[in-house]
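Below is one structure, written out as structure tokens; the observations come after it.
The values are calculated or read from the model by the stated rules, or taken from the named source; none is laboratory data. Note that the structure is predicted; figures quoted are calculated from it, not measured. Every residue, glycine as well, gets a Cβ built from its backbone with ideal geometry; the counts of neighbours run over all protein chains shown.
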Amino acid sequence: MSQDQHRLKSLDALKTYDSGYQDIFYKRSQKDRFNKYLSRYLQGKSLGLYDELINRPDLMDSLDIKSLFILNALTYEIRLEEKNLFVVKRNEFIANSLAKKLIDIYTKIYKYVQLDEELDKRFKNIDFYTIVNLLPTVIVYYTDFILVNQLEELYPKAFEILSNRNLFDNLQEESLKPERLRLLALYHRRNKDLGKADDVMLEYREQYLPDLTKKVNLKKLPNKHTYPPSEVVNNLGVLYQEIKDIQVEVCDLTGVNEDTCFYYNCSECCHNDYPVLYYSEYKYLVQKLKEEGRDIEIYKAKARDIQSKHVEKYGYELKITNKHRPTKEDANPNDFKYSCPFLGESGGCSVHQIRPMMCRAYGLSTSDNRNVQSCNYYLKQHQYNSNYENIRYVYDVRPYVALIEASDAYQIKQDLNETKNLCGTFIAWLCSDY
């Protein structure tokens, strides 16, 4: 008998009770049951679910089902007891997991499901603070839900909870205790009391040290406005205003200072960076400058001076690229440093209201769903203001870029009768014939 056959024969002696298929089948069964119960709940046909699951506790075998059981009981004002949630004895780890899953399910229904009038009224009248004795950490997740979704009618209740330091000090989950301060700061920002918010965030940073090795969890806020390609340029002002509104919300949710650049008296980006803009953005910029009666030749002269210095140093000009989704390295391969030609005599931006997206979104956005584009002034705030899950709210520029690319394809065809992907720095655009 060969050596391989000996090996195979020895494997035959191993006792195998489960190939793993039973576990897969069981998890699928759990998911199917949850979906069945959820469907009943969303249709307003789950009043009897409490009795059904109380009589068959073996069916409450997942966090999803147990959380839906709690949500259903609260919806129909059925009293919950500790013995309904814990089979043998209370377990704080399970209690925390249930609280988190419960608010997660509630949030998804709240945001994405249209309920009938009667169920919607019951659903929105649920007060999760009433089960704080059963699920103590629900105060963290529910308060976050209230403040993130700006449920102003519930702010007084949220503030009452946040003012009760003992509720948070008694939490078994150590990582959640500092959340009182982070949420209290958000409460003050929602009420436009930025002084109090800053004081509370300072205290939060003293108590909470982020794990900088932990994976970043980006929560993305995209543009909601959309236009056909032929109308994007004429509505860029609306899109720019929406970007501003989204960034105000990002700053509220993250505690990042909206005036970070001014606070640190930093204009490094305007002197040593090279924002890249698309054809549609440049067309809009020129169009607005002309409407305001400004002489664009002043800016072109500054750009030509910078261009000549680039030629002197590298032997060629900065050019408009013809490339789909170009990088900053494509537009400025030598990382040439210069002061923006649109800076005014006082050092401020002279086109601030009509500046392109790249200038607007820096420090508060993501273009790749993985990273926040920022300098250290912004990055430190994102790191030390984040919560225990390392969540960072950001503006998602990708829908905007998709709109601009569609606009460019239309505008370049209309204006130039060409099919190109034109993108470049301020210098390249101002020194071009476009």
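Worth a mention:
- Filter pass, S280 being within 36 Å of the chain's Cα centre (by Cα), modelled with pLDDT of 95 or more and assigned by TED's automatic domain parsing to the domain that holds A409: yes
- Some residue of the range 247-255 being among the polar types (S, T, N, Q), closer than 28 Å to P399 by Cα and outside any helix (DSSP H, G or I): no
- Residue, surrounded by the fewest Cβ atoms within 10 Å (Cβ to Cβ), within the range 247-271, restricted to residues that are acidic (D, E), touching a residue at least 40 places away in the same chain (Cβ under 8 Å) and over 15 Å from L379 (Cβ atoms): E249
- Any hit, the range 101-108, residues being in a helix (DSSP H, G or I) and either touching a Gly at 6+ places or on another chain (Cβ under 9 Å) or within 23 Å of Y204 (Cα to Cα) (or both): no
- Single match in V372, V351 (criterion: in contact (Cβ under 8 Å) with a residue 60 or more places away in the chain, among the β-branched types (V, I, T) and within 21 Å of D305 (Cβ to Cβ)): V351
- Candidates Y274, Y227, filtered to the one that is modelled with pLDDT of 95 or more, hydroxyl-bearing (S, T, Y) and either assigned to a helix (DSSP H, G or I) or surrounded by 13 or more Cβ atoms within 10 Å (Cβ to Cβ) (or both): Y227
- Flag if I412 is among the β-branched types (V, I, T), in the same structural domain as P275 (by TED's automatic domain parsing) and crowded, with 17+ Cβ neighbours inside 10 Å: yes
- Number of the exception - Y338 against (1) of a type in the set (S, T, Y); (2) in contact with a Gly (Cβ under 9 Å, 6 or more places away or on another chain); (3) over 24 Å from N421 (Cα atoms); (4) touching a residue at least 24 places away in the same chain (Cβ under 8 Å): (2)
- The selection criterion, being assigned to a helix (DSSP H, G or I) and polar (S, T, N, Q), holds for S67.
- Within the range 343-372, the set of residues being in contact with a helix residue (DSSP H, G or I) (Cβ under 9 Å, 6 or more places away or on another chain) and among the acidic types (D, E) comprises just one member, D368.
- Filter pass, Y384 being in contact (Cβ under 8 Å) with a residue 40 or more places away in the chain, aromatic (F, W, Y), assigned by TED's automatic domain parsing to the domain that holds V238 and within 21 Å of N223 (Cα to Cα): no
- Residues located in the range 181-208, provided they are in contact (Cβ under 8 Å) with a residue 12 or more places away in the chain, part of a loop (DSSP other than H, G, I, E, B) and closer than 20 Å to V248 by Cα: N191
- Per this entry, I126 is not counted among residues that are of a type outside the set (D, E, K, R), out of contact with any Phe, Trp or Tyr (no Cβ under 7 Å at 6 or more places or on another chain), outside any loop (DSSP other than H, G, I, E, B) and over 25 Å from K192 (Cβ atoms).
- For D211, the conditions (1) surrounded by 13 or more Cβ atoms within 10 Å (Cβ to Cβ); (2) touching a residue at least 24 places away in the same chain (Cβ under 8 Å) are fulfilled apart from (1).
- Within the range 283-321, the set of residues being more than 38 Å from the chain's Cα centre (by Cα) and among the aromatic types (F, W, Y) comprises Y314, Y316.
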